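What follows draws every value from the coordinates through simple rules; no lab data is involved. All of these numbers come straight from a predicted model, not from anything done at the bench. All Cβ positions, glycine included, derive from the backbone under ideal geometry; neighbour counts span all protein chains shown.
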Protein chains: 2
Amino acid sequence: MTTPATAPTQFTAPNLYIEAGNGITYAYRRFGSTGPEMTPLLFLQHFRGNLDNWDPLLIDAIAAEREVILLDNTGVGGSSGRTPNSVTAMAHDALAFVDALGLRTLDILGFSLGGFVAQELTLIRPHLVNRLVLAGTGPQGGEQMHGFTSDVLDAATRDEPTGEDFVSLFFERTPTSIGKGWEFVDRICSRTQDRDAPTSLQTRDAQLDAITTWGIPDPTRLHRLSGITHPTLVANGDHDILIPTRNSRLLASNLPNAALSIYPGAGHGFLFQHPEEFAAEVNAFLD
Amino acid sequence: MTTPATAPTQFTAPNLYIEAGNGITYAYRRFGSTGPEMTPLLFLQHFRGNLDNWDPLLIDAIAAEREVILLDNTGVGGSSGRTPNSVTAMAHDALAFVDALGLRTLDILGFSLGGFVAQELTLIRPHLVNRLVLAGTGPQGGEQMHGFTSDVLDAATRDEPTGEDFVSLFFERTPTSIGKGWEFVDRICSRTQDRDAPTSLQTRDAQLDAITTWGIPDPTRLHRLSGITHPTLVANGDHDILIPTRNSRLLASNLPNAALSIYPGAGHGFLFQHPEEFAAEVNAFLD
């Protein structure tokens with residue numbers, strides 16, 4: 001009846017679970033092309049996002065060329081524990097997961113909050129990381145990153161987030177971008193079997209404190225970026241209202257080995273507005 | 001048959017145990033000359049080191065003139081618990097041990113990672129500390145301290161460290177220094193009764209993250225050194241490949257009340273290459 005032995009995708013890959021040395025059981029998905037000399041790509045997710053919030057078009061296009069690992073960090077979605085309220089604690093938690101898998105080297109794609117965690121993790125354990133993609137994110141102590149505007153805060157923190165919220169936060173207010181936004185919302189709702197557990201309000205509140213603390217204005221924190229000597233691709237839309245695009249420029253100019261890619265006519269969710277284009281850029285960068 | 005009532009030494013001092021307020025049972029040794037007005041000297045140990053890694057020649061020469069306390073911090077060697085992954089947590093743990101002993105004032109000698117912990121402990125509780133010796137160590141956010149070179153990392157993190165690893169990491173690559181290195185290895189292996197428990201791979205991994213995090217490039221962290229007004233002796237070999245010697249110079253130039261002593265023709269393990277000379281320098285400094 002069904003065709004057997006098709007490769008898993010973001011629609012079909014099973015939710016996996018592993019207990020780490022810190023006592024947390026992590027939910028994750030791991031699939032895609034493997035081969036000798038190939039490094040898996042770990043995805044670190046945005047505020048309130050779980051495994052299902054990764055766009056299937058983006059993930060599957062990347063997974064066609066490399067192994068991908070999607071992670072619910074501590075307390076998020078199907079993972080156990082309480083979500084911590086600092087980026088440093090989140091980085092240590094992600095490292096505990098990586099250690100549980102026994103990985104000795106990996107690439108990382110961090111989006112938004114996940115990009116904060118990716119930077120911190122790389123500073124804590126630089127020898128673990130091969131290459132880094134920092135999407136829609138900014139440096140600790142960056143510019144205009146200290147708390148959201150009230151409109152953004154309302155839409156981002158609602159107890160029951162809606163499709164409208166996603167579209168208004170992640171996409172530009174143009175008919176083209178809004179149309180792409182609704183297509184994205186359809187895609188992330190399309191998996192019906194074995195969906196991830198929703199993120200809790202405890203996760204929302206702890207992540208919001210962590211994000212706001214990371215954004216406390218402090219230009220002296222930029223010195224730390226000199227410790228991330230890894231090849232890094234920094235990318236964003238040209239009109240990000242969650243983590244203003246100037247912070248992507250700050251990252252690229254302070255990281256010793258970074259390239260910057262700005263998508264015009266796009267916001268924070270540029271990678272979901274242009275999933276195939278961004279997947280191709282990521283694959284080319286990581287090859 | 002045996003001569004009774006000889007003074008305990010690093011070969012013979014019993015392993016002692018005390019439970020602290022944080023629930024951890026600490027393994028330690030405490031011996032040497034005591035007297036009124038004399039302050040005990042607490043030794044804080046290097047990466048992966050336990051009680052047996054302190055050179056008997058160095059320790060016994062210091063213990064001839066003052067009381068010495070050797071400590072396994074949390075999770076290390078014979079102490080209980082899991083080793084934490086931050087220097088700040090290690091400093092709080094060492095303070096819990098000091099409090100359990102009921103000590104109100106002490107001198108501290110911190111070597112390498114132990115020197116990071118000594119600085120942090122002194123910043124947290126300056127009134128506890130009388131004088132400070134910082135050997136083969138560097139300030140938070142120092143220079144070229146963010147992760148080891150790959151050769152050093154391999155030798156320092158091997159699952160089963162060898163005598164060759166100690167010699168290559170701690171000693172200069174000259175025949176004289178290498179010869180001294182093997183004499184040191186013989187000395188730390190010479191205790192046969194009541195040896196300390198070996199350090200675990202959990203300790204290795206957590207300490208490595210703590211060391212790397214301490215080394216994240218950040219010149220703004222040097223301001224903190226103005227909070228250590230205690231008389232301090234900073235010492236190192238002139239060719240330290242683990243914590244480059246320039247960091248000892250940074251310490252000495254940023255600490256308000258420090259003297260600098262650099263041993264030529266020596267590396268990180270200068271204090272084990274010149275144990276009697278360094279013991280005399282420490283005793284003179286602390287008197």
Other-copy label distances relative to B:Thr176, 7 angstrom Cα-Cβ extension, nm: 7.3
Among beta bridges assigned by DSSP with both residues in the protein assembly as shown, the antiparallel ones amount in percent, to the nearest 5, to 30 percent
Percent relative contact order for chain A, counting Cα pairs under 8 Å at least six residues apart, stands at 22 percent
Separation of alpha-carbon centers, the range B:212-228 and the range A:206-266, rounded to whole Å: 23 Å
Could you give the spread of the C-alpha atoms of the range B:153-222 along their three principal axes, from largest to smallest, in whole angstroms? 43, 32, 22
Could you name the residue in chain B with the C-beta closest to the rotation axis that superposes chain B on chain A, along with the separation in whole Å? B:Thr220, 2
D_trans [Stokes-Einstein, Kirkwood Rh over alpha-carbon pairs] for the range A:1-155, 25 °C, 0.890 mPa s, µm² s⁻¹: 151 µm²/s
Please compute the average number of Cβ atoms from other chains found within 10 Å of each residue's Cβ in peptide B:216-225. 4
Sorted from fewest to most neighbouring beta carbons within 10 Å, what does the list A:Met38, B:Met90 look like? A:Met38, B:Met90
A student asked for the Cα radius of gyration and Dmax of the range A:217-287 in angstrom ought to give 12.8, 37
If unit charges are put on Cβ atoms (+1 for Lys and Arg, -1 for Asp and Glu) and the dipole of the range B:89-211 is taken about its Cα centre, the option from B:Thr105, B:Ala210, B:Ser200 lying farthest towards the positive end turns out to be B:Thr105
Applying the gyration tensor rule to the Cα atoms of the range B:16-286 (axes a ≥ b ≥ c; rounded if a/c under 1.5, else prolate if a/b exceeds b/c, else oblate), the class is rounded
Can you figure out the FRET efficiency of B:Leu201 with A:Tyr17, using R₀ = 25 Å and their beta-carbon distance, to the nearest 0.05? 0.60
In debye to the nearest 20, the charge dipole size for the range A:22-131, taken about the Cα centre with +1 at each Lys and Arg Cβ and -1 at each Asp and Glu Cβ, equals 220 debye
Computed over the range B:167-287, the distribution of all Cα-Cα distances in 10 Å bins, rounded to whole %, is 12, 31, 38, 18, 1
Among A:Phe278, B:Tyr17, B:Pro175, flag the residue with its Cα farthest along the positive direction of the charge dipole of the protein assembly as shown, charges on Cβ as +1 for Lys/Arg and -1 for Asp/Glu. B:Tyr17
If a paramagnetic tag sat 7 Å from the Cα of A:Asn257 along the Cα-Cβ line, which residues of the range A:85-125 would have the backbone N under 14 Å from that point? A:106-108, A:122-123
Run the dipole for the protein assembly as shown about the Cα centre, Lys and Arg Cβ at +1, Asp and Glu Cβ at -1, nothing else charged, and hand back the magnitude in debye, nearest 20. 560 debye
In the range B:1-110, which GluC sites (Glu not before Pro) fall in coil by DSSP and have 10 or fewer other Cβ atoms within 10 Å? B:Glu37
Fewest first, what order do B:His223, B:His268 take by the number of other Cβ atoms within 10 Å? B:His223, B:His268
Once the principal axes of the Cα atoms of the range A:12-73 are found, what is the range along each, listed largest first in whole angstroms? 32, 26, 19
Any DSSP H helix in chain B with Cα axial reach of 15 Å or more and mean Kyte-Doolittle score of at least -1.0? Listed by number, the hits are B:87-101, B:113-124, B:175-188, B:201-214, B:275-286
One decimal, nm, nearest first: from A:His146 to the same residue in each other copy, label points 7 Å out along Cα→Cβ, the values are 2.3
Based only on other Cβ atoms within 10 Å, what is the fewest-to-most ordering of A:Ile62, B:Ile69? B:Ile69, A:Ile62
What's the whole-number percent of alpha carbon pairs in the range A:107-249 lying beyond 23 angstrom? 41 percent
Inter-copy spacing of B:Gly163 label points, which lie 7 Å from Cα along Cα→Cβ, given in nm from shortest upward: 7.3
Please work out the Kirkwood hydrodynamic radius for the protein assembly as shown, using every pair of different C-alpha atoms, and report it in angstroms with one decimal place. 25.6 Å
What longest range of chain B stays clear of loop-exposed trypsin sites (Lys or Arg not before Pro) (DSSP non-H/G/I/E/B, at most 13 other C-beta within 10 angstrom)? B:174-287
